[in-house]
Amino acid sequence: MTDRVLILDFGSQVTQLIARRVRESGVYCEIHPFSMAPDRLAAFAPKAIILSGGPASVAEMGTPRAPQYVFEMGVPVLGICYGQMTMAAQLGGQVESGHDREFGRAFLEIRESCALFDGLWKQGERHQVWMSHGDRITAAPPGFRVAGISEGAPFAVIADDKRKFYGLMFHPEVAHTPDGAALLKNFTHRVAGLSGDWSMAAFRAQEIARIRQQVGKSRVICGLSGGVDSSVAAVLLHEAIGDQLTCIFVDHGLLRQGEAEEVVELFRGHYNIPLVHRDASDLFLGKLAGIEDPEQKRKIIGATFIDVFDEEAKKLGGADFLAQGTLYPDVIESESFTGGPSVTIKSHHNVGGLPARMKLKLVEPLRELFKDEVRVLGRELGLPEHLVGRHPFPGPGLAIRVPGAITRDKLDILRKADAIYLDEIRRAGLYDSIWQAFAVLLPVRSVGVMGDGRTYDYVLALRAVTSTDGMTADSYPFSHEFLSATATRIINEVRGINRVVYDVTSKPPGTIEWE
């Protein structure tokens with residue numbers, strides 16, 4: 001892999017979107033903290049560098065700065081928002097706070113042409129962009145010229161064509177800048193001259209070789225949940241090392257309807273992957289009895305899962321590696337905010353830790369991929385579409401979709417209702433248009449009348465959201481006819497429910513799942 005872009009993260013909520021846009025154009029990139037040491041920078045050997053946005057003010061003392069070595073490497077550099085301002089300040093320009101802030105939609109006036117605009121924008125045109133800044137540049141660094149302005153940013157785009165340094169006050173990575181992805185592609189392909197030949201097929205071959213080199217002849221165990229991440233990791237590992245891999249599927253009794261049987265049939269029956277299936281539902285539900293707090297539920301499930309997994313792993317004997325479906329966002333978060341690699345078992349529950357007593361080394365074949373890229377890899381590996389395109393399912397499963405105390409009766413009611421809801425969504429051809437849909441059995445009961453009798457049963461909430469990044473979400477706009485038909489079917493077919501409501505709230509970053 002020769003063409004690599006480095007993204008230095010200054011803490012923006014949308015830094016991951018920069019990486020997604022760059023990879024979508026066929027260029028491999030990685031995100032690292034802004035404090036990345038010069039020796040690591042040199043070892044990474046990027047062909048281009050992007051400086052992300054961030055919440056701090058360059059005008060204040062002690063706020064983050066890019067390593068000065070970035071500007072001495074002789075590679076193109078693109079600064080975005082905070083990245084533009086720290087580049088301007090570090091190269092001899094002037095940045096001030098206290099001017100008019102600019103947040104949200106704005107219009108950029110193209111003053112001069114530059115390589116970023118080639119084939120896209122022309123002098124004199126106006127284009128919509130998305131701004132998010134409280135500081136602004138008041139004097140450009142030596143060697144830079146102004147290529148674009150907005151009402152609140154007289155240095156909205158600055159360019160030094162000789163050194164191939166460019167700065168954007170707006171965010172090209174978000175969907176609210178319609179031409180943003182094309183601008184980033186101009187930077188990587190036209191300015192940096194990268195080929196854009198990175199593909200999932202190339203990643204597959206590269207990762208198989210890396211797994212074989214790392215593992216050698218050792219045995220590997222993988223925690224399999226039946227979700228997209230662990231399933232793709234298991235099939236990739238099996239392709240790389242065959243029967244050196246054994247999967248352990250811990251059934252905690254909190255899965256969706258028919259899910260346990262599907263996992264066993266697919267991986268043991270279809271793929272012929274060595275699989276240990278442990279039905280530990282009695283153990284988990286016993287420990288969860290009477291527990292209402294969702295965070296306490298997560299901790300109990302995580303700790304119990306590790307105990308059961310460790311118990312089954314010891315029965316196998318001789319395993320040296322634990323495979324887990326850590327994704328790139330997990331790596332970014334752990335490096336950016338804790339300074340070290342993640343040691344959380346993320347392929348199953350996203351809770352708990354990797355105890356020292358397990359004495360296993362980690363193999364993480366998906367740690368360089370985003371969620372949507374994992375789906376692409378799954379298709380590359382030939383996994384069935386109904387699995388690859390499955391909506392995200394939390395590690396604690398239905399435990400956090402039954403607010404309050406958990407009982408077997410509640411779980412049975414929820415499973416049946418949830419299966420009907422998803423079946424109706426599929427029948428309507430809406431499943432792939434929705435990021436995540438599920439039912440929640442609320443901890444309240446309602447008096448109702450069904451036929452000639454009075455009922456006192458549970459209220460069910462339905463939730464469905466759309467999302468492009470898995471960070472923010474909007475409720476899906478179902479028609480009244482769809483919701484009415486779905487609610488009628490659930491009430492008719494599931495005993496224990498007499499009222500159905502639909503959650504129409506939107507969610508800020510990090511809160512897509514119902515808790």
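The values are calculated or read from the model by the stated rules, or taken from the named source; none is laboratory data. None of these values were measured; they are calculated from a predicted model. We place every Cβ from the backbone using ideal geometry, glycine too, and count neighbours over all the protein chains shown. Just the protein is used for accessible areas: all its heavy atoms, side chains included, with ligands, DNA and RNA removed. Shrake-Rupley method; radii C 1.70, N 1.55, O 1.52, S 1.80 Å.
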Can you list the strands (runs of 3 or more DSSP E) found entirely within the stretch 119-226 that contain at least 3 residues being out of contact with any Lys or Arg (no Cβ under 8 Å at 6 or more places or on another chain)?
-> 126-133, 136-139, 165-168, 219-223
Determine which single condition SER446 fails, assuming it passes every other condition in (1) open to solvent by 50 Å² or more (accessible area, probe 1.4 Å); (2) of a type in the set (S, T, N, Q); (3) over 30 Å from LEU369 (Cβ atoms).
-> (1)
Which condition breaks for ASP432 when tested against (1) touching a helix residue (DSSP H, G or I) at 6+ places or on another chain (Cβ under 6 Å); (2) assigned to a helix (DSSP H, G or I)?
-> (1)
Within the set of pairs 6 or more residues apart or between chains, which connect a residue that is closer than 19 Å to LEU285 by Cβ and aromatic (Phe, Trp, Tyr) inside the stretch 242-268 to a residue that is assigned to a helix (DSSP H, G or I) and open to solvent by 10 Å² or more (accessible area, probe 1.4 Å) with Cβ atoms less than 6 Å apart?
-> none
What are the pairs, 6+ residues apart or on separate chains, where a residue within the stretch 110-130 that is on the phi > 0 side of the Ramachandran plot has its Cβ under 7 Å from a residue that is surrounded by 16 or more Cβ atoms within 10 Å (Cβ to Cβ)?
-> GLY124/ILE110
Can you tell me which of ILE80, ILE137 is within 31 Å of the chain's Cα centre (by Cα) and under 20 Å from ALA56 (Cα atoms)?
-> ILE80
Only one of GLN68, GLN94 is under 19 Å from PRO142 (Cα atoms) and free of Cβ contacts under 8 Å to residues at least 24 places away in the same chain, namely GLN68
Search result, residues across the stretch 185-229 that are surrounded by 24 or more Cβ atoms within 10 Å (Cβ to Cβ), at pLDDT below 95 and of a type outside the set (A, V, I, L, M, F, W, C) | GLY223, SER225
Filter result for the condition that a residue is surrounded by fewer than 15 Cβ atoms within 10 Å (Cβ to Cβ) and under 29 Å from ASP310 (Cα atoms), over ARG408, ARG454 = ARG408
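Yes or no, residue by residue, for (1) in contact with an Asp or Glu (Cβ under 8 Å, 6 or more places away or on another chain); (2) buried (at least 20 other Cβ atoms within 10 Å of the Cβ); (3) among the hydrophobic types (A, V, I, L, M, F, W, C):
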| residue | (1), (2), (3) |
| --- | --- |
| VAL22 | no, yes, yes |
| VAL58 | yes, yes, yes |
| ALA66 | no, yes, yes |
| MET73 | no, no, yes |
| CYS81 | no, yes, yes |
Going through the stretch 24-55 in order, the residues found to be open to solvent by 10 Å² or more (accessible area, probe 1.4 Å) and aromatic (Phe, Trp, Tyr) are PHE34, PHE44
Considering only residues of the stretch 284-294 that are part of a helix (DSSP H, G or I) and free of Cβ contacts under 8 Å to residues at least 60 places away in the same chain, which is farthest from the chain's Cα centre (by Cα)?
-> GLY286
Which members of the stretch 58-88 meet the condition of being more than 24 Å from GLY180 (Cβ to Cβ) and of a type in the set (Gly, Ala, Ser)?
-> ALA59, GLY62, GLY74
Kindly indicate which of VAL77, VAL95 is within 24 Å of GLN13 (Cα to Cα) and in contact with a Phe, Trp or Tyr (Cβ under 6 Å, 6 or more places away or on another chain).
-> VAL77
